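Rule-based calculations on the coordinates, nothing more; no lab input. Note that the coordinates shown come from a computational prediction; the quantities given were computed from them, not determined experimentally. As a convention, Cβ positions derive from the backbone with ideal geometry for all residues, glycine included, and neighbour counts pool all protein chains shown.
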Amino acid sequence: MSQADSIHTLSLKGIHDGVHTGKFSVMEATDAYLDRIERFNPELNAYITVTRESAQAQAVDIDNRIRKGELTGAMAGVPYALKDLFCSEGVRTTCASNMLSNFISPYDAHVAEKLKAAGGVLLGKNNMDEFAMGSSNETSAFGNVRNPWDTTKVPGGSSGGGAATIAARLAPMTLGTDTGGSIRQPASFCNITGIKPTYGRISRYGMIAFASSLDQCGPMAPSAEDCAITLNVIAGLDSRDSTSVDLPVPDYTANLNDSIEGLRIGLPKEFFAEGLDVQVGAVIDRAIKQFQAKGAIIKEVTLPNSHLAVPVYYVVAPAECSSNLSRFDGVRFGHRCENPKDLLDLYERSRWEGFGDEVKRRIMIGTYALSAGYYDAYYLKAQQVRRLIKQDFEAAFKDVDVIMGPSCPTTAFGIGAKKDDPIAMYLEDLYTIPVSLAGLPGMTFPIGFATDGLPVGMQLVGNYFEEARMLNIAHQYQQWTDWHTQVPAQFA
Amino acid sequence: MEWETVIGLEIHAQLATNSKIFSGSSTAYGAEPNTQANLVDLGMPGVLPVLNKKAVELAIRLGLAIDADIAPRSIFARKNYFYPDSPKGYQISQYELPIVANGHMDIQLENGDTKRIGITRAHLEEDAGKSLHEDFQGQTGIDLNRAGTPLLEIVSEPDMRNAKEAVAYMKKLHALVRYLGVGDGNMQEGSFRCDANVSVRRPGAEFGTRAEIKNLNSFKFIERAINHEVERQIDIIESGGKVVQETRLYDPDKDETRSMRSKEDANDYRYFPDPDLLPVEITPADIEAVRATLPELPDAKKQRFMVEYALSAYDASLLTLSREVADYFEAVAQGCGDAKLAANWVNGEVSKTLADNEMEIAAIPVSSAALVELLKRIQDNTVSNKIARDVFAAMWNGEGSADAIIDKKGLKQITDTSAIEAVIDEIIAKNPGQVAEYRSGKDKLFGFFVGQAMKASKGKANPNTLNDILKQKLEG
């Protein structure tokens with residue numbers, strides 16, 4: 001087996017070390033992934049755009065700069081992908097929507113800028129649910145994504161393309177976004193590690209907004225260590241995002257090897273109640289016991305308002321999206337209908353043709369919730385309940401260091417199974433949404449497979465800005481287990 | 001039967017910041033279309049607003065000057081509506097918690113009374129762009145240079161009872177905005193715009209249904225537009241109709257208002273707090289820091305001028321209409337040591353010449369020091385007040401300093417009694433008839449002799465000396 005054939009089995013650190021010790025070049029690493037994308041993407045549909053030429057040009061440049069010693073950082077020479085809602089300068093940025101199918105972004109998102117400056121190589125843009133609205137990657141205007149573990153199943157969503165990309169090793173790392181579970185649920189369905197940091201930890205500048213008060217970007221990769229390395233590059237204050245937080249960024253890799261002995265893990269009883277698939281529950285229990293065996297203390301906690309999280313979310317998120325998506329009006333960029341007969345026709349047809357059904361559904365829900373006479377009953381009430389949900393977590397964190405539980409109630413479901421039942425689809429995010437509403441950091445890491453052979457992910461929730469501790473805990477688990485290194489046989 | 005008019009004004013004052021309220025683009029007026037519109041102003045996917053702190057400071061400044069409450073926490077909200085020159089599909093404004101609330105301003109009525117006008121609130125918001133309907137053959141061009149320009153919308157209580165009060169309020173607020181450096185108040189460029197809410201009622205009755213008149217961008221238009229609107233409403237009611245709540249646009253060319261949209265067509269703006277912006281937190285220390293930089297306010301300055309310079313209320317209020325005029329006056333008054341003389345000149349010749357030349361005092365060609373030099377020549381009897389006006393005109397035209405012009409044109413007053421006596425002797429000799437009439441009791445003819453003597457001396461005779469000698473000679 002030649003070197004190039006095994007590059008995709010390496011971690012970010014492995015790739016970094018390889019290109020810096022001259023074992024292989026950045027170009028070889030880039031080509032290895034580009035070749036895999038060419039080979040496997042038709043089956044998975046995980047990428048909307050592959051930036052082969054610009055990736056190779058970047059690889060040449062970065063090889064040079066590494067050779068001259070200008071680039072030494074942990075991301076230097078490492079290929080990566082981006083969910084297709086991060087604006088990338090000169091690259092088509094579609095949000096998986098017909099509305100933006102021809103939109104070439106004139107600028108880089110904050111995180112794209114950071115990864116570029118750190119010497120990463122952009123391989124392409126990942127498929128997703130249209131405008132990040134969906135939990136199965138079936139709402140994409142560019143076709144659904146298939147789960148590498150079973151191509152008749154969905155990969156989850158909205159960062160489904162990214163999760164499939166990592167599961168099949170079509171990139172060593174990608175950035176996703178999470179509004180109500182869009183990193184954690186697909187990570188769980190695809191046996192990868194993904195973290196949604198605390199709201200405000202990473203700048204949202206250049207991330208096409210779905211629900212501004214909830215959207216947060218985060219890395220998706222095989223391991224917690226890969227996520228930590230990425231977070232080191234992209235976290236921190238950005239003056240272009242007023243909601244980004246001015247707190248020092250720790251070295252997320254520094255404490256990965258700390259012991260978890262004495263760690264107090266809270267299990268919310270509401271997350272282990274009716275609705276949780278028995279098989280998923282069994283895998284979760286087994287992992288909890290592993291933590292216990294390593295010296296963690298397990299406690300039951302309660303999040304009494306968590307059953308209200310899904311309804312609250314489906315008021316707040318659509319309300320914000322109904323306003324955020326108003327800029328897609330056919331006037332300055334994006335889809336414009338043919339021969340509009342007047343201004344209203346231009347607006348109505350451009351938006352009717354440009355947006356898919358789920359996006360339209362949420363715009364309508366949100367518009368209704370904000371309307372005069374309904375605002376107090378819906379939006380205002382939802383914000384009040386949101387505070388209660390946050391207070392539940394604050395109370396729980398008085399007794400425990402972290403909270404664990406399932407990321408999703410089930411393993412990956414069949415393509416088409418929930419497509420026509422929005423409520424069933426919305427309930428997919430039962431366990432992830434409360435965390436998003438509270439603005440807390442949440443992550444998923446692989447903990448094994450259910451009897452149906454599909455992966456199960458553990459959700460780990462930390463207190464505000466406790467990402468380093470969370471990554472440490474997941475990393476420790478990944479030292480005892482090898483779930484996270486497993487790849488479906490056909491993509492090995 | 002009698003009708004009472006009720007007026008409230010909403011004034012949009014553009015704030016004097018260099019960059020926009022949520023982006024770094026320049027706010028300078030008159031650039032080529034879309035050259036001052038960056039990614040944020042264009043509402044590109046993924047961009048975010050960042051609040052310009054200077055705009056907050058200017059809002060506090062105005063709030064303090066109208067004795068208002070400055071909110072310790074105010075919220076930006078999105079006002080959602082579709083229009084091509086509104087690039088995001090919403091305007092960022094303030095709705096439930098404005099930065100400034102509960103202020104007031106006193107206006108001077110024509111009869112000399114003072115009236116207090118309540119100011120409900122003042123909130124920060126961004127301006128829209130401009131739709132250009134000409135030059136595009138049936139299509140519309142969009143210029144987003146103005147999009148995102150910071151505005152302070154200042155909303156009054158419905159406290160005004162006629163168009164003249166509305167104009168007085170608007171003028172006073174305009175002066176205040178400029179005084180404080182909160183905005184340049186340039187009405188031609190749209191930096192100070194007014195919408196008027198107008199209704200009529202029987203005195204003592206409930207408020208009538210109001211119409212909002214938009215686009216009132218001059219003091220002249222606002223008075224006319226309100227008066228027209230009042231007549232229109234009275235006509236409707238007196239002929240048995242009902243006023244409908246609606247928005248009307250004033251057309252200055254046709255001098256009429258016409259309906260834009262009725263209440264039924266009004267947008268539901270679906271206001272909600274903008275999740276991209278944090279609440280604006282203002283501490284008492286922030287407020288004190290702004291207060292420390294406040295200039296003396298017009299009303300306080302007027303009082304001081306009346307006391308310190310012994311000026312009439314009328315003179316003092318004219319002199320304090322703008323900070324620049326007040327500063328100019330004070331420099332002249334202190335320079336020449338005679339405040340009344342300085343006030344007469346600044347309110348008289350100076351303001352008249354500025355008005356004739358459609359010029360602001362900032363651009364005046366005669367500096368306060370130059371005017372002081374001229375006034376000193378009046379005080380030391382070198383020239384008369386009348387001659388001084390000619391000298392002033394020459395100074396305005398750049399012909400040199402007061403002394404140089406007096407010298408060059410030989411305008412120095414004649415105080416030499418023998419020279420004046422000679423002129424008077426000649427006039428008495430030439431006009432024996434008039435002399436006889438005067439001496440027989442026709443006192444009024446004294447003016448005739450003064451005029452003749454002045455004319456003969458080309459206006460240079462010292463008027464006091466001339467009067468004395470003339471009186472002596474005629475009576476002697």
Farthest positive-ward along segment A:7-96 dipole, Cα basis, beta-carbon charges - from A:CYS95, A:VAL19, A:LEU82
A:VAL19
PRE reach from B:ASP327 (point 7 Å along Cα→Cβ): which of segment B:346-364 fall under 15 Å by backbone N?
B:360-364
Residue (of B:LEU249, A:SER322, A:GLY73) at the positive-pole extreme of the protein assembly as shown, dipole from beta-carbon charges:
B:LEU249
Cα convex hull of chain B - mean projected area over all directions, nm²:
32.1 nm²
Dividing the helical contributions, -39500 (n - 2.57) per DSSP H run of n ≥ 4, by the residues of chain B yields a 222 nm value, nearest 500 deg cm²/dmol, of -12000 deg cm²/dmol
Would you please report the Å³ per residue occupied by the convex hull of the alpha carbon atoms in chain A?
138 Å³
What distance in nm lies between label points placed 7 Å from Cα along the C-beta direction at A:GLN3 and B:ASP425?
12.4 nm
Amide H neighbours of B:GLY208 under 5 Å, counting only residues 5+ apart in sequence or on other chains, H built in-plane at 1.01 Å?
B:VAL200
Mind giving me the FRET efficiency for B:PHE446 and B:ARG161? R0 is 56 Å, r the Cβ-Cβ distance, nearest 0.05 is fine.
0.65
Rounded to the nearest Å, what's the spacing between the alpha carbon centres of segment B:239-270 and segment B:173-230? Just the number, please.
15 Å
The protein assembly as shown: mean projected area of Cα convex hull, nm²:
54.0 nm²
Within segment A:122-140, the residues whose backbone N lies under 12 Å from a label point placed 7 Å from the Cα of A:ARG67 along the Cα-to-Cβ direction are none
Amide H to amide H, which residues 5 or more places from B:LEU132 or on other chains are under 5 Å from it, using H placed in the peptide plane?
B:GLY141, B:ILE142, B:ASP143
Counting Lys and Arg as +1 and Asp and Glu as -1, each charge on the Cβ, what is the dipole of chain A about the Cα centre in debye, to the nearest 20?
260 debye
How large is the charge dipole for the protein assembly as shown, taken about the Cα centre, if only the Cβ atoms of Lys, Arg (+1) and Asp, Glu (-1) carry charge, to the nearest 20 debye?
660 debye
Only Lys, Arg, Asp and Glu count, each charged at its Cβ (+1, +1, -1, -1), so figure out the dipole size of segment A:3-256 about its Cα centre, rounded to 20 debye.
120 debye
Which FRET efficiency value, to the nearest 0.05, is calculated for B:LYS412 and B:ARG304 with the Förster distance at 41 angstrom and r the Cβ-Cβ distance?
0.65
Measure off 7 Å from each Cα along the Cα-to-Cβ vector at A:ALA57 and B:LYS220, then give the distance between these two points in nanometres to one decimal.
5.9 nm
Summed residue charge, Cβ within 15 Å of A:ARG387's Cβ, Lys/Arg positive, Asp/Glu negative:
+1
Looks like segment B:258-321, by Cα gyration tensor root eigenvalues a ≥ b ≥ c and the a/c under 1.5 rounded cutoff (else prolate when a/b is bigger than b/c, oblate otherwise), is oblate
Centre separation in Å (Cα based) which lies between segment B:7-36 and segment A:308-381:
28 Å
Given A:GLY156, A:LEU430, A:LEU237, which one lies farthest toward the positive end of the charge dipole of chain A, if we put +1 on the Cβ of every Lys and Arg and -1 on the Cβ of every Asp and Glu?
A:LEU237
Cα-based equivalent ellipsoid, segment A:3-256: semi-axes from gyration tensor eigenvalues, Å
24, 21, 17
